[in-house]
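Heads up, the thing below is written out as structure tokens.
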Amino acid sequence: MDWLHLNGDAPSRMLIPLGTYYNKQYYISDQCLLCLEDLIRQLNCDDTKTHSRRRGFGYIDLLNKDLKPILISSYRNWPKVFRSTVKLSVAITTPIESLVCDRTRDQKTYSSYVTYELKQLLYKAKEAFLDLSATRAIIEHSKLLLAKQPSSRDEIELLNLCLLLIRNILDAPERPVEPDSQMSSYSQSYNIELSQQNEIVCNIFAQGFGKLLLDMLACPQKGQLVVTIVQVIAAIYKDWSVENIQEKLNIMFESSVNVSFDDDEKNNPTSPLEPLCHTLQEALTVMSSTSSSSASYGDEQKMTKKQRQKTSTLKLCSTLWENVSNEDAISQLLGKFTIDFMLNGFSVLLNELLQQLKQKGNHLVDKSHFLWLLVNCLPFTSQLGQKPNILKQVLTTDLMGYLIWVVVQETENVQLDSINTAIDPKPSLRRLRLGVRAIFEYLQALEKYSVIRVSDTDKNSFSQCSEQWIFQLRHDLLAMAELRQLFLLLLRHFNNEFQTHQCLGDIICANHALLLTLERAVQQSEYRASFDLDHHLKQFCTSTIMARYGSALEDFKTNDYFVNESIFTMLRRVGCEFGRFDLLCQPIILRPLCKIWEEEFEICDDWHDLIERLMRKFTENLFNDCEKLSPHKSKQRPPDIESFPFLESDQQPLDALAEEFTSKHDPLTETYGDIKLLIHQLTSAGFNKQLGWIQSSLLTACATRLHSYSGREFNHPICCSCATMKIPCPIVPWTEMEASGLRSEHFRFLLQLMGLIPQFSQYFFYPKIPSEWSADVLYSYALLFGPIPDHIHFDLTLVKKVPLPILPDF
């Protein structure tokens with residue numbers, strides 16, 4: 001009889017019975033369920049700093065010695081015991097980084113010995129689930145649960161628990177020592193070279209896990225499962241690059257191999273991996289017939305026969321793993337699943353996650369997993385170009401609008417985290433980069449699909465079902481002004497003190513991909529007059545933006561070809577097309593260009609011409625130094641708008657202004673007058689455009705409240721996304737002119753009095769429009785700035801002037 005006691009840091013096996021070993025088989029006791037529930041309660045009360053109980057479980061190897069045998073023995077006939085075992089196993093195998101949600105910078109949450117013991121526990125957990133029978137118990141029970149339709153709430157919860165357990169095992173690290181000395185006896189019996197991660201992936205896919213995931217995405221309750229499914233998929237692919245899998249997919253397509261996991265299709269062409277998977281499935285069937293159960297032991301002769309059969313099966317599996325112990329076989333396996341997933345599950349999973357992310361207060365969905373899914377799966381869509389419906393379901397304006405909102409939000413978070421030294425900025429930086437890369441992959445998928453060569457017989461169908469959709473999507477992207485301005489915003493706010501050059505390269509590449517898409521759209525005759533591309537490109541003609549491109553060019557030797565091409569294309573446009581070579585004559589740009597020229601780095605002729613012209617221009621400028629030193633003789637170019645100072649005479653500090661305005665006898669009744677006075681002062685100081693920006697933002701929010709953008713939400717994705725999620729809407733300073741207003745203390749104090757900046761917030765980056773303001777309130781605030789412009793997007797008869805809320809709190 002096995003016992004367990006966990007009241008101290010050094011547990012011993014006493015007090016609580018879980019099960020019994022008899023003839024090397026594990027049998028569940030009657031008190032097992034009560035014991036499991038008690039252990040779950042103990043773990044829930046564990047100390048969050050020392051994790052003494054969790055470490056105790058690792059010390060006695062509870063997962064290997066008790067929980068794994070219970071999983072194998074209970075999944076058919078002991079559903080309650082199985083459920084509690086899975087729940088406890090999930091809790092024990094929780095990743096270390098998930099045990100604490102603290103984002104405090106440089107804070108050592110655990111001591112070294114605590115971290116060490118927690119890692120040891122996860123090493124043992126990974127090794128425990130190398131057992132084919134353990135993963136089979138989880139997958140088979142999940143299949144049984146999914147077969148019951150409609151599934152109950154408890155059954156869906158257990159399905160999620162089963163998925164979480166597999167996710168935790170896949171996420172668990174492998175022991176960084178030679179396996180012969182540290183791995184469990186079960187693992188040692190295989191004597192394989194295959195990594196533990198790949199072995200587990202092979203196990204679960206051979207047991208039908210790939211099809212199980214797709215069946216979950218097809219079930220009526222898929223909305224309750226998608227959050228966990230995307231986590232499992234991310235864990236499956238964690239050690240594999242997109243490029244590696246794409247290469248295998250190309251091989252599969254070239255060899256015309258049918259890649260379905262559907263076992264019912266018997267007439268498929270055979271791939272080299274099919275006999276291997278078939279052998280493994282046969283082995284699993286044999287092992288299931290010899291697995292332990294409370295009714296399977298009899299006379300000694302039968303047991304001996306079954307043990308011999310099981311030994312033979314283990315040898316068969318050992319030979320099997322030796323045949324697949326290479327990355328090529330595993331990547332083929334993942335390639336097969338990728339095709340099935342892209343054809344039958346990707347769009348469903350993506351759209352379900354998107355809808356949940358846009359629900360107010362839904363904190364269960366991690367944006368990182370959603371963005372990861374886009375970044376890693378969209379590159380495969382070009383290889384499935386013959387299936388246009390897949391892209392039509394994924395590449396939507398709704399998705400792009402959400403990505404714009406995410407990048408804006410994470411840009412603000414990064415800036416705030418960089419100011420507040422108590423917060424670790426890494427999570428926000430990661431989400432920001434994923435968001436930018438997701439936009440890039442979206443645009444790349446559209447571009448690659450647009451140039452797919454189709455056979456003559458398919459041209460008509462291609463034109464009817466795809467060409468018009470592509471044209472319309474490009475036209476809608478033209479209408480997304482916030483998408484165009486987004487990259488100018490990112491380039492202006494880029495800070496190499498805490499952002500990497502890889503992140504800068506991603507921004508530049510995504511912007512280049514967007515410009516290519518916009519150029520294609522402009523070339524379409526029906527849309528030619530709807531957008532002035534040159535006007536947009538001239539916004540890049542500032543010394544700050546060009547300095548960012550120069551910074552990215554410093555890594556020209558290690559940059560991807562597309563990064564260098566994106567940089568040179570923009571430099572050529574600014575220098576050659578707009579004649580602003582003066583903006584390129586900066587040391588940060590000239591230094592890498594000189595190295596490229598001196599080292600004869602391989603670039604195309606156009607880029608050589610650009611460098612030569614720039615060098616000539618720079619030389620001419622050197623000869624004119626004397627003239628530059630005499631300002632009255634030189635013809636000065638008007639300064640860039642980014643450097644234009646909006647100066648205020650007799651400017652007072654913000655605190656002094658606040659004290660002056662709030663020291664009156666009745667600040668609530670006087671605030672309206674204070675706002676009008678500040679607007680008048682700012683107008684006199686030359687802030688007309690900045691004030692117009694605030695009024696326009698208020699009117700856009702008003703139109704959103706009136707549903708004026710219904711069906712055209714992509715025209716104003718930030719405002720519409722915030723309205724859907726019922727959260728405050730940021731007023732984003734897309735241009736340098738708008739940003740200059742926020743550098744004025746008078747201007748900021750005006751926004752504070754209006755309630756667009758929180759009264760007692762220590763840190764803020766964007767002003768925000770409170771979500772509870774009605775259309776009438778927004779319209780009334782907009783009237784403070786003067787007459788309503790003619791080009792508004794709603795009917796003025798739908799709104800009326802109302803008393804304004806003073807100093808709203810949000």
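The values are calculated or read from the model by the stated rules, or taken from the named source; none is laboratory data. Everything numeric in this text was worked out from a predicted model, so none of it was measured. Cβ sites come from the backbone with ideal geometry, for glycine too, and all protein chains shown count toward neighbours. Note: accessible area is taken over every heavy atom of the protein model, side chains too, but ligands, DNA and RNA are not part of it. Shrake-Rupley method; radii C 1.70, N 1.55, O 1.52, S 1.80 Å.
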Note to self: Could you go through region 777-789 and let me know if any residue there is closer than 18 Å to Arg705 by Cβ, open to solvent by less than 50 Å² (accessible area, probe 1.4 Å), among the polar types (S, T, N, Q) and part of a helix (DSSP H, G or I).
What the structure shows: yes
If you go through region 593-609 one residue at a time, do you hit one that is of a type outside the set (Lys, Arg), open to solvent by less than 20 Å² (accessible area, probe 1.4 Å), closer than 27 Å to Ile439 by Cβ and touching a residue at least 12 places away in the same chain (Cβ under 8 Å)?
no
Those residues of region 39-73 which are without any contact (Cβ under 8 Å) to a residue 60 or more places away in the chain, among the polar types (S, T, N, Q) and within 29 Å of Leu145 (Cα to Cα) amount to Gln42, Asn44
From the option list Ser112, Ser98, single residue qualifying as open to solvent by 50 Å² or more (accessible area, probe 1.4 Å), modelled with pLDDT under 90 and under 30 Å from Leu34 (Cβ atoms) is Ser98
Does any residue of region 580-587 turn out to be modelled with pLDDT of 75 or more and among the charged types (D, E, K, R)? yes
Regarding region 415-434, can at least one residue be identified that is open to solvent by less than 40 Å² (accessible area, probe 1.4 Å) and at pLDDT 95 or above? yes
Looking across region 548-563 at residues that are farther than 9 Å from Gly505 by Cβ and open to solvent by less than 20 Å² (accessible area, probe 1.4 Å), the single one that is modelled with the lowest pLDDT is Phe556
Those residues of region 400-427 that are within 23 Å of Pro728 (Cβ to Cβ), assigned to a helix (DSSP H, G or I) and under 16 Å from the mean Cα position of the chain (by Cα) come to a total of 15
Screening Leu333, Leu343, Leu371 for residues that are at pLDDT 85 or above, of a type outside the set (Val, Ile, Thr) and open to solvent by less than 40 Å² (accessible area, probe 1.4 Å) leaves only Leu371
The residue from Phe556, Phe562 that alone is outside any helix (DSSP H, G or I), out of contact with any strand residue (DSSP E or B) (no Cβ under 9 Å at 6 or more places or on another chain) and either under 17 Å from Lys617 (Cβ atoms) or not β-branched (Val, Ile, Thr) (or both) is Phe556
Expected output for region 506-520 (first residue surrounded by fewer than 23 Cβ atoms within 10 Å (Cβ to Cβ), partner in a helix (DSSP H, G or I) and among the acidic types (Asp, Glu), Cβ below 7 Å, 6+ apart or cross-chain) is Ala513/Glu447; Leu516/Glu447; Thr517/Glu447
Among the residues of region 710-756, the number that are open to solvent by less than 10 Å² (accessible area, probe 1.4 Å), assigned to a loop (DSSP other than H, G, I, E, B) and touching a helix residue (DSSP H, G or I) at 6+ places or on another chain (Cβ under 8 Å) is 5
Here the qualifying pairs (Cβ atoms under 9 Å; residues six or more apart or on different chains; first in region 675-699 and closer than 16 Å to Ile792 by Cβ; second open to solvent by 80 Å² or more (accessible area, probe 1.4 Å) and not in a helix (DSSP H, G or I)) come out as Leu699/His793
When (1) within 17 Å of Cys509 (Cβ to Cβ); (2) modelled with pLDDT under 90; (3) not β-branched (Val, Ile, Thr) are applied to Cys594, the one that fails is (1)
| message | Kindly evaluate Leu212 against the criterion of being open to solvent by less than 10 Å² (accessible area, probe 1.4 Å) and either of a type in the set (Gly, Ala, Ser) or modelled with pLDDT under 95 (or both). | response | no
The number of residues in region 133-176 that are in a helix (DSSP H, G or I) and open to solvent by less than 50 Å² (accessible area, probe 1.4 Å) is 27
Exercise for the section: For Ile404, indicate whether it is at pLDDT below 90 and aliphatic (A, V, I, L, M). Expected result: no
Within region 521-544, of all residues that are open to solvent by less than 10 Å² (accessible area, probe 1.4 Å) and either in contact with a Lys or Arg (Cβ under 7 Å, 6 or more places away or on another chain) or not in a helix (DSSP H, G or I) (or both), the one nearest to Arg474 (Cα to Cα) is Ala521
